[in-house]
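A quick write-up on the structure given underneath.
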Amino acid sequence: MMPELAGRRRTRRWRWWLLLLPLVVLAGGAGYWFGPRLVSLKAGSLLLRPTEGSLDPAGQQAVRQSTAGLRARVVWSSSRTGGHEIFLLSLPDFTTYRLTDNDRVDYFPRFSPDGTSVVLARSQRPWVSEREVAPWDVFLLSLADGSERLLARDANFPQWVDGHHVSFIRQGRQVMMVNVDNGQEQVVYPAAGQTAAWTELSTAELSPRDPRQLVLTGRGGVEGVFLLDLAGQRQQHYGHGGTCEITWTPDASSVLWMQNQGHGGTRIMRSSLRSEQEEVFMDLPGEFSHEYFPRLSRDGRWLVWAASAGGHEHDLADYEIFLWQVGRPWGEAVRLTANPANDRWPDIFIQR
């Protein structure tokens, strides 16, 4: 073969590689960003396996010392059995109880005001990603005898309004409330004849002091976390870009939410009901600082949440549960779980 012909062929091959390189990089980036989302949506259960692990005795003793022997119960969703079930941790003895056992996804548990029962969301299929907000039902679980009762179909994100009512979101479009004693439902938002300002709603929660005020996460349209005045039909937008999971402080003077900024890529924000008073509430130092799922105790003194060392997918990544006494330095937060499973959406009940 003539040298000049071979040289031209080598040049053409290099040109093809140079043309393909941006496509390869683009495909790799798309796989990195969208791959976990697609897996979670379609086949997340295939990645879940039974796992073992718990906080060692030294870690448990450190929690007791840091919390001065706090007597509390923490409930959360964990995939440590190979599927997402609800677990309960008793403090200070660190006894762990498995509360549910089925072939569905159980998550978003919330203690009743008296701590005797828990509401939770359960998937309508064996696997439903957290990214799908519609195909869920809400159940009531008794902590006295373990009995369960269906409260609402096509319902997600349950929250206790008081000892007799639970709010939830139906099909990602309506905020509803159900009476746990008689099953009667009523629409909270949007009111009859109105249209919601967003195409998808999540983490809606009525004010613990004023039922005319509602916080929620809205997707579609102007996205973010909002406070709605149901009486005056006004709204307040908190945070700027990449916000979700808004919740009230127990005295209804402030709200917390997640923001996609901070040490590990996320941080917990707080604001009074005036947006110009926003501040960072928790940005955990150290390896586990990709935070989500914040929840305050009813006395406002303790925060539970989950954090990963970088994984993001809410129902697949290795999130661990943390506990912090509000007002203390962030570095004094303690870890309650040590398991490679997915641990998320905790709630805490303080025992007297």
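Once you reduce segment 137-166 and segment 254-294 to the center of their Cα atoms, the two points are 28 Å from each other. The modelled label-to-label distance between Ile350 and Thr81, using points 7 Å beyond Cα along the C-beta direction, is 3.1 nm.
Taken along the Cα-to-beta-carbon direction at a fixed 7 Å, the label points for Ala192 and Trp330 span 4.9 nm. Taking the number of Cβ atoms within 10 Å of each Cβ as an exposure proxy, the fewest-first ranking of Arg80, Arg234 is Arg234, Arg80. Helix-only arithmetic for the chain: the sum of -39500 (n - 2.57) across DSSP H runs with n ≥ 4, divided by the residue total, places the mean residue ellipticity at 222 nm at -5000 deg cm²/dmol. Label sites at Thr51 and Arg209, each approximated as a point 7 angstrom past Cα along Cα to Cβ, lie 4.0 nm apart. Comparing mean-square fluctuations of Leu296, Leu228, Leu206 from a GNM of the chain with C-alpha springs under 10 Å, the top value falls on Leu228. Taking Cα atoms, how many degrees apart are the long axis of helix 57-66 and the longest axis of the chain, rounded to 10 and kept between 0 and 90? On a 0 to 90 degree scale, this one is about 60. So what's the gap between the Cα centers of segment 315-352 and segment 55-129, to the nearest angstrom? Measuring centre to centre over Cα atoms gives 10 Å.
Among the trypsin sites (Lys or Arg not before Pro) found in segment 102-160, those both in a DSSP coil and sparsely packed, with 16 or fewer other Cβ atoms within 10 Å of their Cβ, are Arg131, Arg153.
Binning all Cα-Cα separations of segment 130-197 at 10 Å, short to long from zero, yields these whole-percent fractions: 21, 50, 25, 4, 0. Fewest-first ordering of Trp198, Trp76 by other beta carbons within 10 Å of each residue's beta carbon gives Trp198, Trp76.
Taking other residues whose beta carbon is less than 11 angstrom from the beta carbon of Val188, and scoring Lys, Arg as +1 and Asp, Glu as -1, yields 0. As an equivalent ellipsoid, the chain spans semi-axes of 38, 26, 22 angstrom, where each value is the square root of five times an eigenvalue of the C-alpha gyration tensor, largest first. Label zone (Val222, point 7 Å along Cα-to-C-beta; backbone nitrogen cut-off 13 Å) within segment 229-267: 229, 234-241. Given their separation in residues at 0.36 nm each and the Cα-Cα distance between them, Gln171 and Arg153 gain 5.5 nm when the chain is fully extended.
Read the figures in this text as sums done on the coordinates, not as results from a lab. Predicted model, so just to flag it, every value in this text is computed and none were measured. Here Cβ is always computed from backbone atoms with ideal geometry, including for glycine, and neighbour counts include all displayed protein chains.
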